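To keep things clear, I will list the structure first and then write my remarks on it.
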Amino acid sequence: MTTQFFATVQRIASNLFQVPAGQITPSSSPETIQAWDSVQQLNLVLALEQEFDIQFEPEELDQIHCIGDIAQLLEAKVGSPS
Amino acid sequence: MEMQKQQEEIAELITLGAAVEANAALDEFWRAQKTPGAAAFVISCYEKLRDRLSLSPYRLAILRSFTVEPAVPLLRAAAFVNGFDLSVHTGDFNAYAQEILDAGSSLYQFKPDVAILAVQARDIAPELWRDFADLESGDGMRAAERVANDFRGWIQAFRKHSNAYLVVHNLEQPAIPSEGLLDAQSANGQSAAIRRVNEELRAIAQEIRGTYLLDYDALTARFGRFAWHDERKWLTVRLPIAASQLIHLADEWLRLIRPLSGKLAKVLVVDLDNTLWGGVIGEDGMDGIQLGLEYPGAAYQALQRAILDLYHRGILLAVCSKNNPDDAMTALEKHPGMLLRPQHFAAMRINWADKPKNLREIAEELNVGLDSLALLDDNPVERRHVRLNLPEVALIELPDNPMEYARALREDPVFERVSLSAEDRERSKYYNVQRERVQLEQSCGSREDFLRNLQQEAQIARVSPATLPRVAQLTQKTNQFNLTTRRYSEQGIAQMGAQPECGVFSIRVKDRFADNGLVGVAITRDKDGACELDTFLLSCRVIGRDVETALLSYLAESARARGCRALQGWFFPTKKNAPAKDFYSAHGFEIVEQSEKGSLWRLDLANSGVHRPEWIKVVAVEEEGQ
């Protein structure tokens with residue numbers, strides 16, 4: 001299931017950060033993606049909240065350091081789609 | 001995956017250089033998903049297309065007390081799709097007061113066309129929000145006065161330093177007042193205090209030119225206060241608005257930016273079958289079409305009511321329908337469920353011809369540009385056909401369900417305006433009177449006969465506070481008979497009006513049929529012994545009746561009386577102002593300079609003048625009221 005969440009995160013991040021989807025890997029982070037600043041991180045969170053119709057808790061947002069963290073968080077939060 | 005594919009197709013169109021097609025595809029793409037990701041994609045596409053589309057550049061400054069950054073890309077994407085290339089300056093977090101008060105701040109250096117002041121009650125007036133329960137009775141109203149005075153000070157300071165339009169968010173009501181049910185019972189409660197601030201704001205906006213309100217309270221209520229807010233984001237990143245609602249804020253900003261920038265649709269062109277009524281009149285007949293007080297006909301009547309509201313706002317209506325004219329006219333004239341009747345329509349094209357051809361003819365008949373038209377048609381295939389062939393025409397996107405038609409039309413921003421002149425309200429009537437004039441013209445033997453018979457009287461006056469909005473509006477939207485096409489804001493006009501070397505004149509024309517209202521503007525500037533026409537324009541309503549000659553002769557006479565030796569002016573050709581092309585040469589002016597942008601014409605006042613047409617009575621009015 002993680003791969004499915006990863007694909008969605010990858011698609012949205014690719015659009016937001018304007019980098020080809022192929023360059024976004026689970027280890028991509030603000031250190032490796034130039035456009036990923038605090039405003040873009042907020043945009044990414046908002047986009048995912050809209051996409052999955054969820055709300056992240058502040059504590060959950062603190063755990064986000066790379067794309068892989070986000071995919072894992074989504075899996076824990078949204079679980080396996082039926 | 002669908003989205004991925006669409007994005008690839010759009011990228012392909014851009015690579016191929018098919019700008020119009022890419023623009024249409026981006027419009028559809030954006031309407032389908034207004035998300036942050038889609039916004040980033042749309043913006044990146046338009047940055048490549050920018051040079052190949054005629055987008056209007058516009059500069060917006062946002063002054064705020066909360067996080068607005070995530071709304072900005074949504075706004076810019078929506079603006080691009082609406083034909084604007086919007087540059088946005090976002091003021092520092094909570095620094096709005098310093099930025100407004102400091103004449104050298106980045107706000108003023110940015111030189112915005114419009115600034116938005118977006119502050120919330122909880123930031124500027126915690127005592128009206130979180131701490132209201134601490135107040136003694138009566139202190140709420142005093143706090144409201146204090147807040148209104150703060151606003152007044154900021155708005156005055158802004159006006160002192162800038163000519164840009166200013167849009168001010170009013171204050172929203174709390175979802176649940178601090179005193180609960182008691183609040184509604186009290187004349188001095190929390191909601192009453194916030195209402196007081198908002199009433200004061202409205203008065204301030206009326207008083208200080210170029211200031212308009214964004215009804216933020218109504219906006220949050222429209223989408224639901226609980227749904228609007230996101231407490232988590234507010235407490236962590238000072239973003240009070242939920243992710244799903246940010247687009248509504250961006251859309252509302254754009255709703256104001258459109259009319260402030262002068263982008264106004266003037267004509268609503270409607271289809272008939274399955275738009276004004278359910279069914280097809282040619283097949284279902286008078287008894288078969290759905291239209292009336294009961295479901296399903298009620299949905300179409302609700303749409304007609306929404307159209308009628310636009311008519312009363314001065315929007316012209318026209319019909320463009322593939323039908324047998326007899327069938328359609330019978331329904332328009334006689335169907336008991338119709339709220340709209342033939343006299344509401346300024347033009348009609350009921351035939352089997354191609355829609356773009358009919359739309360072109362309607363624009364020509366009503367003397368407006370294609371970009372003044374908006375089309376309401378239930379058929380997506382027709383809409384697409386028009387979008388690709390006449391990209392200037394605005395399209396009202398209709399949902400599939402007719403019960404949602406009325407709301408879709410009311411929500412669409414194309415007919416929004418921030419002020420309404422007397423001329424706007426009366427516009428539809430002018431077109432009816434115009435038909436009578438055409439009949440007179442046909443019955444008269446010569447043009448001169450017709451003009452004598454019209455009994456025109458022109459009143460020429462210097463601009464006054466009462467006429468300022470209409471004068472600015474005319475400079476904003478007159479495209480055809482306009483020699484220089486210089487656009488001015490109300491503030492800009494007021495400034496020129498106050499300069500001794502400038503004259504800002506308006507002309508109002510009456511004839512035997514009607515008062516045409518304020519239909520022309522001339523702005524003159526004296527320098528080095530010559531009087532230069534900065535602006536000379538006439539509404540298409542009175543073109544061809546020698547009104548322009550009457551105005552010019554008045555300006556020539558008064559320039560001569562002031563001691564000017566020459567009257568001169570530039571003609572800057574545009575795509576639309578061909579009707580004004582021969583104006584100077586026809587009145588004896590000679591070319592004295594030519595540049596890439598246009599030609600400078602001069603009339604020597606010592607040896608010649610402008611003959612005033614004897615069939616127009618000219619009256620110079622000292623101070624005009626409305």
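The values are calculated or read from the model by the stated rules, or taken from the named source; none is laboratory data. Bear in mind the structure is a predicted one, so any value in this text is a computation, not a measurement. Cβ placement follows ideal geometry from the backbone for every residue including glycine, while neighbour counts extend to all protein chains displayed.
Tabulated values for the structure
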read-out	value
Residue B:597 over 17 Å from residue B:529 (Cβ atoms) and part of a strand (DSSP E or B)	no
Members of the stretch B:379-392 that are within 21 Å of residue B:18 (Cα to Cα) and in contact (Cβ under 8 Å) with a residue 40 or more places away in the chain	B:382, B:384, B:387, B:388, B:391
Lone unmet requirement of (1) surrounded by 15 or more Cβ atoms within 10 Å (Cβ to Cβ); (2) within 14 Å of chain B (Cβ to nearest Cβ) for residue A:35	(1)
Residue B:176 vs. criteria surrounded by 15 or more Cβ atoms within 10 Å (Cβ to Cβ) and either of a type in the set (A, V, I, L, M, F, W, C) or part of a helix (DSSP H, G or I) (or both)	no
Filter result (of a type in the set (Ser, Thr, Tyr) and under 20 Å from residue B:371 (Cβ atoms)) within the stretch B:306-344	none
Any hit, the stretch B:273-287, residues being among the polar types (S, T, N, Q) and over 29 Å from residue B:418 (Cβ atoms)	yes
Answer residue from the stretch A:1-20, given it is of a type in the set (Gly, Ala, Ser) and closer than 23 Å to residue B:76 by Cα and is surrounded by the fewest Cβ atoms within 10 Å (Cβ to Cβ) among those	A:14
Residue pairs meeting the criteria (Cβ under 7 Å; at least 6 apart or on separate chains; first within 19 Å of residue B:64 (Cβ to Cβ) and within 13 Å of chain A (Cβ to nearest Cβ), in the stretch B:218-241; second exposed (fewer than 14 other Cβ atoms within 10 Å of the Cβ) and modelled with pLDDT under 95)	B:236/A:58
Selected residue [modelled with pLDDT of 95 or more and within 21 Å of residue B:235 (Cα to Cα)] from B:144, B:157, B:118, B:125	B:118
Residue tally, condition farther than 19 Å from residue B:593 by Cβ and surrounded by fewer than 20 Cβ atoms within 10 Å (Cβ to Cβ), over the stretch B:555-577	8
The stretch A:61-73, residues that are facing another protein chain (nearest Cβ under 10 Å) and in contact with a Leu (Cβ under 7 Å, 6 or more places away or on another chain)	none
All positions within the stretch A:25-82 that are of a type in the set (Gly, Ala, Ser), closer than 15 Å to residue A:15 by Cα and not in a loop (DSSP other than H, G, I, E, B)	A:47
Residue match in the stretch B:255-278 (condition: closer than 18 Å to residue B:217 by Cα, free of Cβ contacts under 8 Å to residues at least 60 places away in the same chain and away from every other protein chain (no Cβ under 14 Å))	no
Single unsatisfied condition, residue B:46 versus (1) in contact (Cβ under 8 Å) with a residue 40 or more places away in the chain; (2) in contact with an Asp or Glu (Cβ under 8 Å, 6 or more places away or on another chain); (3) under 18 Å from residue A:18 (Cα atoms)	(1)
Residue B:247 being out of contact with any Asp or Glu (no Cβ under 9 Å at 6 or more places or on another chain) and more than 14 Å from chain A (Cβ to nearest Cβ)	no
Residue within the stretch B:65-72 that is buried (at least 22 other Cβ atoms within 10 Å of the Cβ), assigned by TED's automatic domain parsing to the domain that holds residue B:246 and hydroxyl-bearing (Ser, Thr, Tyr) present	yes
Criterion violated by residue A:27 - all others in (1) touching a Gly at 6+ places or on another chain (Cβ under 8 Å); (2) more than 8 Å from chain B (Cβ to nearest Cβ); (3) surrounded by 19 or more Cβ atoms within 10 Å (Cβ to Cβ) satisfied	(3)
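Okay, residues lined up against (1) more than 18 Å from the chain's Cα centre (by Cα); (2) over 28 Å from residue B:579 (Cα atoms):
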residue	(1), (2)
B:346	yes, no
B:354	yes, no
B:357	yes, no
B:369	no, no
B:388	yes, no
B:392	no, no
B:406	yes, yes
B:424	no, no
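Residues are listed down the side, and each one gets a yes or a no for (1) closer than 28 Å to residue B:455 by Cα; (2) out of contact with any Lys or Arg (no Cβ under 8 Å at 6 or more places or on another chain); (3) touching a residue at least 40 places away in the same chain (Cβ under 8 Å); (4) of a type in the set (A, V, I, L, M, F, W, C):
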{"site": "B:574", "(1), (2), (3), (4)": "no, yes, yes, no"}
{"site": "B:586", "(1), (2), (3), (4)": "yes, yes, no, yes"}
{"site": "B:597", "(1), (2), (3), (4)": "no, yes, no, no"}
{"site": "B:605", "(1), (2), (3), (4)": "no, no, yes, yes"}
{"site": "B:615", "(1), (2), (3), (4)": "yes, no, yes, yes"}
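Residues are listed down the side, and each one gets a yes or a no for (1) assigned to a helix (DSSP H, G or I); (2) touching a residue at least 40 places away in the same chain (Cβ under 8 Å); (3) in contact with a Gly (Cβ under 9 Å, 6 or more places away or on another chain); (4) crowded, with 16+ Cβ neighbours inside 10 Å:
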| site | (1), (2), (3), (4) |
| --- | --- |
| B:4 | yes, no, no, no |
| B:7 | yes, no, no, yes |
| B:14 | yes, no, no, yes |
| B:21 | yes, yes, no, yes |
| B:26 | yes, yes, no, yes |
| B:34 | no, yes, no, yes |
| B:51 | yes, no, no, no |
| B:61 | no, yes, yes, yes |
